[in-house]
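Structure first, commentary second.
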Amino acid sequence: FFIYPLIRIHVNEESKLRAMTASLSARSQSMERAALTDGLTGMQNRRYFDDALAQYMEEFSRIERPLGIMLLDIDHFKSINDTHGHDVGDEVIKGLANTIRDYTRHHDIAARVGGEEFAVVAPNVGIAELEKMANRLRLAVSNLVFNLGDTVRLKITISVGIAIWDGEETGAKLYKRADGNLYNAKRGGRNKVCA
């Protein structure tokens, strides 16, 4: 008479505890995904990119294969926001994100790393291949058309800086080199790839 009700209470509490644990685990995974994902585009974010780059560098230092990165930035993005509004700017960013997904390989890591700036880790490519990839992407973006109502059609271009890892430098130095090349593409007239 005394033990059976205690067992039933214990089973019910254990069942509730399991349900709470499963719920907390699911929430934790969801929060972890959110912490590594850009909310606007659904792409990976800068934190994920930095971690992935470090992992690729560790692996590729062992197998001595080339590793490249691309940094891309929308040309004259501020004027798009100023002229058409931030909602249009968001649509442009989403359109670029989709194009980047379409023009990168399944094992590349593509991320939104800043406002209108994106980065791609491209393993197993030399400078010539990386430059071709970047130019294909640049041309695809220049062919995008954003229809803003009945009368306005918006086209964009991107500038791209690329760099191949020398096998010694840190991820931050590789990123800085690619960023310097991005700056050179901007300074050189935009809608360019600089290596």
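The values are calculated or read from the model by the stated rules, or taken from the named source; none is laboratory data. As the structure is a computational prediction, the values presented were derived from the model and not from experiment. Here Cβ is always computed from backbone atoms with ideal geometry, including for glycine, and neighbour counts include all displayed protein chains. Quick note on the areas: whole protein, heavy atoms, side chains included, nothing else; ligands and nucleic acids left out. Shrake-Rupley method; radii C 1.70, N 1.55, O 1.52, S 1.80 Å.
Values computed for the structure shown
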read-out	value
Every residue from region 74-116 that is open to solvent by 40 Å² or more (accessible area, probe 1.4 Å), touching a residue at least 12 places away in the same chain (Cβ under 8 Å) and of a type in the set (Asp, Glu)	Asp90, Glu91, Asp102, Glu116
Answer from Val120, Val125 - the residue that is under 14 Å from Ile69 (Cβ atoms) and in a strand (DSSP E or B)	Val120
Checking Ser61 against (1) in a helix (DSSP H, G or I); (2) more than 16 Å from the chain's Cα centre (by Cα); (3) free of Cβ contacts under 8 Å to residues at least 60 places away in the same chain, the condition it does not meet	(3)
Among the residues listed as Ile158, Ile164, the single one being of a type in the set (Val, Ile, Thr), in contact (Cβ under 8 Å) with a residue 24 or more places away in the chain and in contact with a Gly (Cβ under 6 Å, 6 or more places away or on another chain)	Ile164
Any hit, region 13-36, residues being at pLDDT below 95, outside any helix (DSSP H, G or I) and open to solvent by less than 60 Å² (accessible area, probe 1.4 Å)	yes
Restricting region 170-195 to residues that are part of a helix (DSSP H, G or I) and aliphatic (A, V, I, L, M), the residue that is surrounded by the fewest Cβ atoms within 10 Å (Cβ to Cβ)	Ala172
Scope region 128-144; condition of a type outside the set (Lys, Arg) and part of a helix (DSSP H, G or I); matching residues	Ala128, Glu129, Leu130, Glu131, Met133, Ala134, Asn135, Leu137, Leu139, Ala140, Val141, Ser142
